[in-house]
Amino acid sequence: MKRVLSGIRSTGQLHLGNYFGALKNFVTMQHDAECFFFIADYHSLTTHPDPTRLHGNVKQILSEYLAAGIDPQVATIYIQSDVPQVAELSLLLSMHAYVGELERTASFKDKVRKNPENVNAGLLTYPVLMAADILLHRADYVPVGKDQEQHLELTRRFARRFNQIYGVDYFPESVPYNFGRELVKIPGLDGTGKMGKSEGNGIFLSDSDEVIRKKVMKAVTDSGPTEPNSPFSEPVANIFTIMDAVSEPSTVAYFKEKYASCEIRYGELKKQLAEDIIRTVAPIRERIEAISSNDKYLHEVVTDGAAKARRSADRTLADVREIMGIHPF
Ligand code: TRP
């Protein structure tokens, strides 16, 4: 069976974009492949989060994954720092990662530009640790967004290089995975761009009904179509994209017709959109609340997940040490 690994940094809460872009597909995928889902808390340390909030962030995402339907009986779900074997693999891989290629990584250059006062070594070796995450389980597929493709490219390069240097056929060339179809990209509510956590344009899975209504009613639109069958402006196209994800096809068709005949009332459109978003989010939010207040359950899930992930990690490390010449006495 193919192995799939997905990682998410433990910063902030998940939004509708995460849900429709990835999470919802993970829930289906977990039955078709051997899936590893992990929360990258080591990675999040590169930007120095408040230590008093790190654990809470990890717990939030864990609860959200479980609430969305990731089943710990089916998939392996774990916290990166519970499997410190990844740090050893990262160290071993770093021996064949060249400083020059790491410095040329777009995400690193971006961080250097934005935070010149915090150019730490962890940021430079971020792609090595990410490669270690992936190669630790010799994952065939990695579902990632566009912004992570370069990191995955580096992972493949490190894998190829390792195989070549040691004359083995050990690491697979992990490829991006898009669930066999075009990914749904959920735009933000502020008129342009995709939904994100930093932009303040998103609906979070833990938002209350009231908060969702407020956010949707404030969504950017335009002054309305002036002639029949005119194309959508970007903000209105975005609203319809979200509606496509959450509303009944007949509802979407109804509002598109209203738009085409210049009879659309954005207030009515937004009211409907808010209710349809609530229909998706409210049950998930309720499960998030129940799960995140059940520390015993969460403890069981991560303990079990870590044990499964460590078994897989130990196998890989035993092989890699052997291949690199570290033999037991
Ligand atoms: N870098 C990824 C992100 O920022 C998170 C991540 C860390 C990851 N390790 C990974 C994703 C391994 C996929 C596989 O989104």
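The values are calculated or read from the model by the stated rules, or taken from the named source; none is laboratory data. These numbers were taken from a predicted model, which means no experiment stands behind them. Please note: Cβ atoms are built from the backbone with ideal geometry, for glycine as well, and neighbour counts cover all protein chains shown. Quick note on the areas: whole protein, heavy atoms, side chains included, nothing else; ligands and nucleic acids left out. Shrake-Rupley method; radii C 1.70, N 1.55, O 1.52, S 1.80 Å.
Determine whether residue 257 is surrounded by fewer than 18 Cβ atoms within 10 Å (Cβ to Cβ), out of contact with any Pro (no Cβ under 8 Å at 6 or more places or on another chain) and under 30 Å from residue 94 (Cβ atoms).
Numbers: surrounded by fewer than 18 Cβ atoms within 10 Å (Cβ to Cβ): yes; out of contact with any Pro (no Cβ under 8 Å at 6 or more places or on another chain): yes; under 30 Å from residue 94 (Cβ atoms): no.
So residue 257 fails the test.
So how many residues does the range 92-107 have that are surrounded by fewer than 22 Cβ atoms within 10 Å (Cβ to Cβ) and either within 16 Å of the ligand (Cβ to nearest atom) or among the polar types (S, T, N, Q) (or both)? Can you show your working first?
Within the range 92-107, the subset surrounded by fewer than 22 Cβ atoms within 10 Å (Cβ to Cβ) is 92, 94-107.
Restricting the remaining residues to those that are either within 16 Å of the ligand (Cβ to nearest atom) or among the polar types (S, T, N, Q) (or both) gives 94, 97, 102, 105-107.
Of the residues in the range 92-107, 6 are surrounded by fewer than 22 Cβ atoms within 10 Å (Cβ to Cβ) and either within 16 Å of the ligand (Cβ to nearest atom) or among the polar types (S, T, N, Q) (or both).
Go over the candidates 161, 213 one by one and state the one that is more than 20 Å from residue 26 (Cβ to Cβ), modelled with pLDDT of 95 or more and open to solvent by 60 Å² or more (accessible area, probe 1.4 Å). Steps first, please.
Values: 161 fails: open to solvent by 60 Å² or more (accessible area, probe 1.4 Å).
Just one listed residue meets the conditions, 213.
Sort out which residues of the range 272-282 are open to solvent by 20 Å² or more (accessible area, probe 1.4 Å) and touching a residue at least 12 places away in the same chain (Cβ under 8 Å), and write them in order of number. Outline the logic, then answer.
Residues of the range 272-282 open to solvent by 20 Å² or more (accessible area, probe 1.4 Å): 272, 275, 279-280.
Correct list: 272, 279, 280.
Return the residue satisfying two criteria in turn: it lies in the range 23-73 and is in contact (Cβ under 8 Å) with a residue 60 or more places away in the chain and part of a strand (DSSP E or B), and of such residues it is farthest from residue 130 (Cα to Cα).
Looking at residues that are in contact (Cβ under 8 Å) with a residue 60 or more places away in the chain and part of a strand (DSSP E or B), I get 36.
Which members of the range 1-17 meet the condition of being assigned to a loop (DSSP other than H, G, I, E, B), touching a residue at least 40 places away in the same chain (Cβ under 8 Å) and more than 10 Å from the ligand (Cβ to nearest atom)?
Of the range 1-17, the ones assigned to a loop (DSSP other than H, G, I, E, B) are 1-2, 10-14.
From what's left, touching a residue at least 40 places away in the same chain (Cβ under 8 Å): 2, 10-14.
2, 12, 13, 14, listed by residue number.
Only one of 152, 136 is open to solvent by less than 60 Å² (accessible area, probe 1.4 Å), within 15 Å of the ligand (Cβ to nearest atom) and under 19 Å from residue 310 (Cα atoms). Can you tell me which? Break it down into steps so the answer makes sense when it comes.
Values: 152 fails: under 19 Å from residue 310 (Cα atoms).
When all the criteria are applied, what remains is 136.
Just checking, which of 196, 224 is closer than 21 Å to residue 284 by Cα and open to solvent by less than 80 Å² (accessible area, probe 1.4 Å)? Talk me through it step by step, then tell me what you get.
Working: 224 fails: closer than 21 Å to residue 284 by Cα.
Only one candidate passes the filter, namely 196.
Out of the range 30-42, which residues are buried (at least 20 other Cβ atoms within 10 Å of the Cβ), in contact with a strand residue (DSSP E or B) (Cβ under 7 Å, 6 or more places away or on another chain) and of a type outside the set (Phe, Trp, Tyr)?
As a first pass, look at the range 30-42 and keep what is buried (at least 20 other Cβ atoms within 10 Å of the Cβ): 30, 35-42.
This time we only want the ones that are in contact with a strand residue (DSSP E or B) (Cβ under 7 Å, 6 or more places away or on another chain), so: 35-41.
Across the range 30-42, the qualifying residues are 35, 39, 40, 41.
Would you call residue 20 closer than 22 Å to residue 176 by Cβ and either in a helix (DSSP H, G or I) or among the β-branched types (Val, Ile, Thr) (or both)? Don't jump to the end; show me each part of the working.
On the way: closer than 22 Å to residue 176 by Cβ: yes; either in a helix (DSSP H, G or I) or among the β-branched types (Val, Ile, Thr) (or both): yes.
Considered against the rule, which asks whether it is closer than 22 Å to residue 176 by Cβ and either in a helix (DSSP H, G or I) or among the β-branched types (Val, Ile, Thr) (or both), residue 20 comes out as yes.
Condition (residue is within 31 Å of the chain's Cα centre (by Cα) and part of a helix (DSSP H, G or I)) applied to the range 218-231: is it met by at least one residue?
No, every residue in the range 218-231 fails to be within 31 Å of the chain's Cα centre (by Cα) and part of a helix (DSSP H, G or I).
Please go through the range 112-133 and pick out each residue that is open to solvent by 60 Å² or more (accessible area, probe 1.4 Å) and closer than 27 Å to residue 160 by Cα.
Scanning the range 112-133 gives a single hit, 121.
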